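Novice: This is the structure I want to talk about, given as structure tokens.
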Amino acid sequence: VGLGVAGGLVPSPSALIVLLGAIALGRTWFGVALVTAYGVGMAATLTVTGLLLVKLVDRLERRASAGRRLATRISGLAPMGTAAMVLLLGAGLALRSVASL
């Protein structure tokens with residue numbers, strides 16, 4: 001619940017833009033309503049996610065303990081896989097930019 005409240009209270013740059021746009025259009029209360037709805041929605045989403053994780057923690061721990069060997073192997077390969085993905089995407093973007101010249 002604390003996570004949801006904290007996340008809902010954090011100022012957002014997009015919320016500020018919406019509020020300033022509403023003020024510029026002369027509809028201040030509509031902008032305040034939109035920003036409030038955004039904050040409440042963010043807080044609700046984070047609260048529900050946190051509560052689901054609390055409820056599912058036992059299941060997650062059981063699955064984690066059962067798959068420790070696989071997780072150890074995957075975690076050893078993760079840095080190489082990530083590096084390969086970054087390299088391939090970078091090469092693809094570079095080739096695409098050269099081809100457009």
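Derivation of every value follows stated rules applied to the coordinates shown; laboratory data play no part. Keep in mind that this is a model prediction, so the values were computed, not measured. Reconstructed Cβ throughout: ideal geometry from the backbone, glycine too, with neighbour counts over all protein chains shown.
Novice: How far apart, in nm, are two points set 7 Å out from the Cα along the Cα-to-Cβ line at Ala44 and at Arg62?
Specialist: Each label point lies 7 Å from its Cα, and together they span 3.2 nm.
Novice: If the viscosity is 1.567 mPa s and the temperature 4 °C, what translational diffusion coefficient in µm²/s does Stokes-Einstein give for segment 30-101 when Rh comes from Kirkwood over Cα pairs?
Specialist: 76 µm²/s
Novice: Report the calculated FRET efficiency for Val54 and Ala78 (r = Cβ-Cβ distance, R0 = 25 Å), to the nearest 0.05. Intermediate results must be reported in sequence, preceding the final value.
Specialist: Values: r = 27 Å, r/R0 = 1.08.
E(calc), rounded to 0.05, equals 0.40.
Novice: If you don't mind, there's one more thing I want to ask. At 0.36 nm per residue, and after removing the present C-alpha to C-alpha distance, how many nm does the segment from Arg27 to Val86 gain when stretched out fully? It would help to have the intermediate numbers written out before the result.
Specialist: Values: separation 59, 0.36 × 59 = 21.24 nm, distance 4.55 nm.
Value of the extension gain: 16.7 nm.
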